[in-house]
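Trainee: Can you keep this structure in mind? I'll have questions shortly.
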Amino acid sequence: MASPMSAGRFLERLRNEGCTVVEVGDWEHHNRNHKGPWGPVHGVMIHHTVTRGSRRTVEICRDGYSSLPGPLCHGVITKDGRVHLVGYGRANHAGLGDDDVLRAVIAERGLPRDNEANTDGNRHFYGFECENLGDGEDPWPAAQLEAIERAAAAVCRHHGWNERSVIGHLEWQPGKVDPRGFTMASMRARVRDRLN
């Protein structure tokens, strides 16, 4: 059972891991905490945005839509490898997912196939949205992949988690495909190597 780190510690951990961080507005207090608790936290979830253009992507992830208010994550990782902090606390990123997957993340063991949506993921995961069209053709620049690795490792290092605490949205919620364009197995290997 891990309590979320403070916003200040989150920023510090990202910078200590070598992330280039951009603070967007009053990100430390921008959240959906009035909709339910945030924590205990058990892992890090990676997404793609299905957007083009870093500025627009950051704005959407901070403000959300009329049907899905922001923040839509904690950090937006743009193609240039910068991590834009847009919110901290409960964020609308994970939605409902599979309780069997959550148990596997907590135990840091291999993930079962996600086949139900019965558990509030917004409560239990840090979320990073990554700028990409998600069509399998839009490239993932090396700087962006390295930033994803560093951001995920920063959170894992703070909580004493291993790479199995890092999952993709597609591994959590049936019907989701993100992130598309690299495998979560390859990203977990990168996080494992960084943590070691």
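What follows draws every value from the coordinates through simple rules; no lab data is involved. As the structure is a computational prediction, the values presented were derived from the model and not from experiment. A quick note on method: Cβ atoms are made from the backbone with ideal geometry, for glycine too, and the neighbour counts reach across all protein chains shown.
Trainee: Got at least one residue in the range 50-71 being out of contact with any Leu (no Cβ under 8 Å at 6 or more places or on another chain) and closer than 20 Å to Val191 by Cβ?
Mentor: No.
Trainee: Can you tell me how many residues in the range 146-163 are surrounded by 19 or more Cβ atoms within 10 Å (Cβ to Cβ) and free of Cβ contacts under 8 Å to residues at least 60 places away in the same chain?
Mentor: Count: 2.
Trainee: Could you figure out which of (1) within 15 Å of the chain's Cα centre (by Cα); (2) over 25 Å from Tyr65 (Cα atoms); (3) among the hydrophobic types (A, V, I, L, M, F, W, C) isn't true of Leu111?
Mentor: (1)
Trainee: Now for a separate question. Being within 25 Å of Asp63 (Cα to Cα) and without any contact (Cβ under 8 Å) to a residue 60 or more places away in the chain is the filter here; which residues of the range 118-137 pass it?
Mentor: So in the range 118-137, the residues within 25 Å of Asp63 (Cα to Cα) come out as 119-135.
Hits for the range 118-137 are Thr119, Asp135.
Trainee: Return only the number of the condition from (1) touching a strand residue (DSSP E or B) at 6+ places or on another chain (Cβ under 6 Å); (2) over 19 Å from Pro141 (Cα atoms); (3) surrounded by 15 or more Cβ atoms within 10 Å (Cβ to Cβ) that His47 does not satisfy.
Mentor: (2)
Trainee: Another question about this same structure. Across the range 62-84, what is the number of residues that are farther than 21 Å from Met5 by Cβ and of a type in the set (A, V, I, L, M, F, W, C)?
Mentor: Number satisfying all stated conditions: 1.
Trainee: Looking at the range 2-40 only, could you name the residues that are among the acidic types (Asp, Glu) and over 22 Å from Val191 (Cα atoms)?
Mentor: Initial filter on the range 2-40 (among the acidic types (Asp, Glu)): 12, 17, 23, 26, 28.
Answer for the range 2-40, where residues must be among the acidic types (Asp, Glu) and over 22 Å from Val191 (Cα atoms): Glu23, Asp26, Glu28.
Trainee: If I filter the range 147-187 down to residues being basic (Lys, Arg) and more than 13 Å from the chain's Cα centre (by Cα), which single residue comes out as farthest from Leu102 (Cα to Cα)? Show your work before the answer.
Mentor: We begin by selecting, within the range 147-187, every residue basic (Lys, Arg); these are 150, 157, 164, 176, 180.
Retained after the next criterion (residues that are more than 13 Å from the chain's Cα centre (by Cα)): 157, 164, 176, 180.
Working: Arg157: 19, Arg164: 11, Lys176: 16, Arg180: 21 Å.
Filtering first and then ranking leaves Arg180.
Trainee: Keeping to the range 104-153, report how many residues are more than 24 Å from Tyr88 (Cα to Cα) and among the charged types (D, E, K, R).
Mentor: Total satisfying the criteria: 8.
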